[in-house]
1. Give B:ILE21, B:ILE51, B:ILE14 a once-over and let me know the one that is closer than 24 Å to A:LEU163 by Cβ, in contact (Cβ under 8 Å) with a residue 24 or more places away in the chain, facing another protein chain (nearest Cβ under 7 Å) and part of a helix (DSSP H, G or I).
2. Take the residues in the stretch B:36-48 that are free of Cβ contacts under 8 Å to residues at least 12 places away in the same chain and surrounded by 14 or more Cβ atoms within 10 Å (Cβ to Cβ); name whichever of them is nearest to A:LYS176 (Cα to Cα).
3. Among the residues of the stretch A:307-329, how many are free of Cβ contacts under 8 Å to residues at least 24 places away in the same chain and under 30 Å from A:GLY251 (Cα atoms)?
4. Any idea which residue in the stretch A:25-79 is surrounded by the fewest Cβ atoms within 10 Å (Cβ to Cβ), counting only those that are of a type outside the set (Gly, Ala, Ser) and in contact with a Pro (Cβ under 8 Å, 6 or more places away or on another chain)?
5. Within the stretch A:177-189, identify whether any single residue is assigned to a helix (DSSP H, G or I), touching a residue at least 12 places away in the same chain (Cβ under 8 Å) and either surrounded by 19 or more Cβ atoms within 10 Å (Cβ to Cβ) or basic (Lys, Arg) (or both), and answer yes or no.
6. Please work out which one of (1) closer than 30 Å to A:ASP254 by Cβ; (2) touching a residue at least 60 places away in the same chain (Cβ under 8 Å) is the condition A:HIS332 fails and give its number.
7. Would a scan of the stretch A:296-307 turn up a residue that is in a loop (DSSP other than H, G, I, E, B) and modelled with pLDDT of 95 or more?
Amino acid sequence: MSSSSIRAWYLVHKWTSLVCTLFLLMLCVTGLPLIFSDEIDRMSGGNLQFGMPGVGSSGNARGLLPLDTMMAKALATRPGEVPLFMAFDNDQPSMTVTTGLRPDSPGSEMTTQVFDRSTGRVLGKERAGGVMHFLLKLHTDMFLGLAGMLFLGAMGLLFTAALVSGTVLYAPFMRKLAFGTLRTSRSTRLKWLDHHNLFGIVALAWMAVVGVTGAINTLEKPINKLWQRNELAAMTRDYAGKAALPPSRYGSLDTAMAEARKALPGNNPQFIGFPGGSFSSKHHYAVFFQGDTPLTQRLLTPALIDAETSAFTTARSMPWYNKALSLSRPLHFGDYGGLPLKILWAVLDLFTMTVLTTGVYLWIGKRRTSSTAHVREVETGGLVEPTA
Amino acid sequence: MTQRRRTRQSLLMIFAAPLAIAVLTGVALIAALTGDGWRDALSWFGLAVPILTIAWAMRTRLT
């Protein structure tokens, strides 16, 4: 590789890294406890006792209470509110009902109650406060809403560019070095340079996947808007122009669910979006079904049921951009392979922090030196340290 | 063992180990998505490789 192309890649690496490093460090620090949020929730929530342990609320096993009953219980504790979402669990009879003052209430005005569908008992309320919620907000949008989300998405893309340019620079740097070299006794700079390169190259694929899927996750709101405007509008064309269905005329959820199951037999629902919300039309219960294999479980297919008459309108699998979003979630969270996977996720998160902090150290130490000197350092595998 | 090689390595030699680790990582990330049981175990093994590589380097490659 010529010195001039090394210089170009060095500058790309330096600037993309410099812009995103502080935010990436924040994401790594806040993300670390978030990996274990299920475990932390369970510990702080105590041991939940279910009436029918191990029976998923998403199924239709005998003994599970009707959905209408569950909804009535939820609304009884929230007088004047309307249903927004009902979500199910595949492993336990727990389920959630989300209500709000209006069908299009924003997230901040929603209340989510957790129920045991086998006993009808309230298990608790999903609390909006707490340390974990604070960390999650910081991690997803820094309390800045959509703008914050998209900003962090851009940081994710810069991080990806830093990974690519760093990998390109790895080649000339390692020309005469064996893989895994860690020269710790020559100078502090060389020691951290070798650590930066080794940690970076071994965690490269993981960092790239988590970085890119994180950036895709920041597009959640635009993607859902796009789906609602294009796909959903096409699916409910016959209803265009009709006035919104008032909640007082919502029909039976159990009849609607039975109709939806008839249309997509063998699958279980993940959640129901109610009329007027961001996951349905103004006239439908949107029952989002999971696929029936482990791979397709995360790829949802909504069945639209007329909320007044309980008649089946249509069902259509989600477009590619929603599928990309659905697959990006587990790949970013690391929550799909048990506790061991989460622990590995945490270690690789610490590796990423090592790469970031050593990178900052390498920059601060020689930030006044010319790029020619830095190119020389790369070309000699770190033997010629940059001098002012 | 000597860390510095007299001859320059080809790109393939430089990236052989990193590429193997990246492929294993990719297999690991997808394996657990496609099911449970042995697929989870495969993903644990695959993602442990980068971590074990660091441990190996710190034991045998420190100079």
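The values are calculated or read from the model by the stated rules, or taken from the named source; none is laboratory data. None of the values given here were measured: they were computed from a predicted structure. Glycine also receives a Cβ, built like all others from the backbone with ideal geometry; neighbour counts cover every protein chain displayed.
1. None of the others qualify; the one that does is B:ILE21.
2. For the stretch B:36-48, the residue satisfying everything is B:ALA48.
3. 1
4. The selected residue is A:PRO53.
5. Yes.
6. Among (1) closer than 30 Å to A:ASP254 by Cβ; (2) touching a residue at least 60 places away in the same chain (Cβ under 8 Å), A:HIS332 violates only (1).
7. yes
Conditions (1) of a type in the set (Lys, Arg); (2) part of a helix (DSSP H, G or I), marked per residue:
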| position | (1), (2) |
| --- | --- |
| A:GLY124 | no, no |
| A:MET132 | no, yes |
| A:LYS137 | yes, yes |
| A:ALA147 | no, yes |
| A:LEU150 | no, yes |
| A:GLY153 | no, yes |
